[in-house]
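For reference, the structure discussed in these notes is given below.
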Amino acid sequence: MSVIIMTIILAVALGISTISLGQIKVARDMGYSVIAFYAADAGIERVLMNRSAPVSIPETPLSNGAAYQVLVTVSGSGGCTAANFCIKSIGSYKETNRAIEISY
């Protein structure tokens, strides 16, 4: 009888630990997502500092370990329907990527 009770307690403990570890991973990845988003935002801001002639920027690392890459498309090409340019910035951190796209 005691072996059965101990087996049930072990099964419940393992189930709870599996759920807890999954939740910890989700919370960590959410933090990575925020860092990747702000890296993409940094790429957009860098391109917008020179609005008259925006150019694509290759992957650029940041001091916190994140990186961004910016792709600029001229209006009328590559599916860009903006008045002037379409700018897409992809931020990455660890295994997470987030993108921001603007048109003006």
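To the nearest 10, the accessible area of Glu45 is 100 Å² with a 1.4 Å probe. The relative contact order of the chain comes to 26 percent, based on Cα pairs under 8 Å that sit 6 or more residues apart.
Dipole magnitude for the chain: computed about the Cα centre from +1 point charges on Lys and Arg Cβ and -1 point charges on Asp and Glu Cβ, it is near 40 debye. Rolling a 1.4 angstrom probe over the chain with all protein chains present gives an accessible area of which 63% lies on carbon and sulfur atoms. With protein chains left intact and a 1.4 Å probe, residues in the chain average 68 Å² of accessible area per residue.
Counting each pair of different Cα atoms once, what's the Kirkwood radius of the chain in Å, rounded to one decimal?
Value: 16.3 Å, from the Cα pair sum.
Sorted by accessible area with a 1.4 angstrom probe, largest first, how do Thr96, Thr81 fall? Mind dumping the intermediate values first?
On the way: Thr96 20, Thr81 130 Å².
Per-residue accessible area, sorted high to low, gives Thr81, Thr96.
The values are calculated or read from the model by the stated rules, or taken from the named source; none is laboratory data. Being a predicted model, the structure only gives us computed values, none of them experimental. So basically every Cβ, Gly included, is an ideal-geometry build from the backbone, and we count neighbours across all protein chains shown. Remember, those area values only see protein heavy atoms, side chains included, never the ligands or the DNA or RNA. Shrake-Rupley method; radii C 1.70, N 1.55, O 1.52, S 1.80 Å.
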